[in-house]
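The next block holds one structure in the form of structure tokens; read it before the comments.
Read-outs throughout are calculated quantities, based only on the coordinates presented, and are distinct from any laboratory measurement. Treat the numbers as computed from the prediction; the structure is a model and nothing was measured. We place every Cβ from the backbone using ideal geometry, glycine too, and count neighbours over all the protein chains shown.
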Amino acid sequence: MKFVDEFRSVELVRGIVEKLRHSDLLSIRLMEFCGGHTHAILKFGIRQLVPSSVEMLSGPGCPVCVTSSSDVDLSVSLALDNDLILTTFGDMIRVPGSRGSLQQAKAEGADIRIVYSVIDALQIARDNPGKDVVFLGIGFETTVPTVAATVIAADKEGITNFKVLSLHKLCPPIMKEVLDAGEVRLNGIIGPGHVSAVIGSAPYEFIPRYYGMGCVVSGFEPVDILQTIAMLVDQVVENKPDVDVSYRRVVRREGNVRAQEVMNTVFQPADADWRGIGIVKDSGLRIRDEFGQFNALTYYKVRLDDQSEIKGCICGDILRGVKVPTDCRLFGKTCTPEHPVGPCMVSSEGSCAAYYVYGA
Amino acid sequence: MPIIVGESMCLAIPAKIISVECDMAEADIGGVTRQVSLALTPEVEIGDYVLLHAGFALSVIDAEEAQETLKMLESLI
Ligand code: SF4
């Protein structure tokens, strides 16, 4: 496939790895903030390719994994206690909460449907005018504009039975939160490619300015990721932390301005609850009052008390880069992709699932 | 369909635009045709490659930049 195969070139991979081997670097610790990168790094065996001086950690970048237990419970309650159709991306349905997963709710009779796109959810609303159709909005800036565009379309069309439960999250605020917490010492950040296709690379400029480390926005093919690592290594060796982009075919400094406008028309920043981290100010999005009729949260007035995390699951620590999946006693024993105990084993972007499938 | 539900959620893949009608388009993904919304990328033209995410074209792929990146890498190694 064009724009894929070229960036899987064995010669280029070899060349960059060779270059890395000969760099003057003593040691470097990098964190990726995108579940897509976690998946790709394990799938392509990047950790094994790079010299041992390069240590790679995963941050809170898997949208399913970062959803808090109480937000999972909220979704389950919404589906079980109301006469509605809940639509969701596939990954979310298997995430366990304290009242069970959406999959279990479905088995108990709740009408829950998996969709590939939010457009499909709107179509279900069109086809079922007598029923409310709620779309479970999870995901980062990559996905948010697609939801916003669909809300605008529903508004124009006068479809009133379509609602969105916005559990969306924002990337730059959580990067700041992790850096402020200072639990892991980092030398550079692998910036999320598809989030940045929307927001651009400019929002990361606070990282070199205030934290003295670089951020290189990366694509998802092996050549992209290795090039990103090489760029971050150069920055460390030369002591010149900066924001740069290795994924230039997709990411521009200003991002997709149109997508940002669409997103800002419908959503405004709000506090969000992150698994393992807690409430982070303005790190999520709520629907603006102008579009209040689409807001499932206020429409159903659902709210739950804080729920405790799943027993034995250390997902939260893994999301903060403090622990790795193999540190978990349940990893590969009671917790497997077939029978996930925690969310990090559910999504293919989750660290535990990626470790399990591709080996640590 | 090459996209498996439950596959990486942030996944976005290159697709070639083969026809455009208002803010919808048809895109070719390795031989499979799909409907794509252009609500976020109204500038798209037939023949462009876009990054496809959850039914939407998220951005237009810059073929020149791709070439430059590859050339730059080849010169380095
Ligand atoms: S292996 Fe399972 S239980 Fe352990 S941290 Fe990962 S998801 Fe949680």
Degrees separating the helix A:171-181 axis from the principal Cα axis of chain A, which is the longest one: 60
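Work out the mean other chain Cβ neighbour count within 10 Å for the residues of B:11-22 and drop it here as an integer.
3
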Within segment A:81-107, backbone nitrogen closer than 11 Å to the virtual label 7 Å beyond the Cα of A:I152 toward Cβ: none
Sequence-distant residues sharing a close amide H with A:G191 (under 5 Å, placed H): A:V216, A:V217, A:S218
Karplus-derived HN-Hα couplings along segment A:107-123 (A = 6.51, B = -1.76, C = 1.60, θ = phi - 60°), whole Hz, x at Gly and Pro: 5, 7, x, 5, 8, 10, 10, 8, 10, 8, 9, 4, 4, 5, 5, 5, 5
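Between rounded, prolate and oblate, where does the protein assembly as shown land on the alpha carbon gyration tensor, with a ≥ b ≥ c its root eigenvalues, rounded for a/c under 1.5, else prolate if a/b exceeds b/c? Could you put the intermediate results ahead of the total?
Details: a/c = 1.75, a/b = 1.27, b/c = 1.37.
Oblate is the answer for the protein assembly as shown, as a/c is 1.5 or above yet b/c matches or exceeds a/b.
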Positive-pole candidate from A:V324, A:C352, A:H339, dipole of segment A:315-358, charges at beta carbon: A:V324
Computed helical MRE - 222 nm, chain A, DSSP H runs ≥ 4 contributing -39500 (n - 2.57), nearest 500: -11000 deg cm²/dmol
Unsatisfied cross-links (Cα-Cα over 24 Å) in the set A:K106/A:K163; A:K2/A:K176; A:K106/A:K281; A:K106/A:K323: A:K2/A:K176; A:K106/A:K281; A:K106/A:K323
Pair A:D127, A:K333: separation of 7 Å Cα→Cβ label points (nm): 4.5
Spatial separation of Cα centroids for segment A:48-98 and segment A:245-273, in angstrom: 21
Number of partner chain Cβ atoms within 10 Å, mean per residue of A:114-122: 4
Amide hydrogen neighbours beyond the local backbone of A:H168, cut-off 5 Å, H modeled: A:L285
Rounded tilt (10° steps) of B:63-76 against the dominant C-alpha axis of chain B: 30
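So how strong a dipole does chain A carry about its Cα centre when Lys and Arg Cβ are +1 and Asp and Glu Cβ are -1, to the nearest 20 debye?
Details: 37 positive and 44 negative charges, 84 e Å.
The dipole of chain A has a size of about 400 debye.
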Sequence-distant residues sharing a close amide H with A:C34 (under 5 Å, placed H): A:G59
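How well do other chains shield peptide A:139-152, expressed as the mean number of their Cβ atoms within 10 Å of each residue Cβ? Could you put the intermediate results ahead of the total?
Values: counts 4, 2, 1, 9, 7, 0, 5, 8, 2, 2, 7, 4, 0, 1.
Shielding by partners across A:139-152 averages 4.
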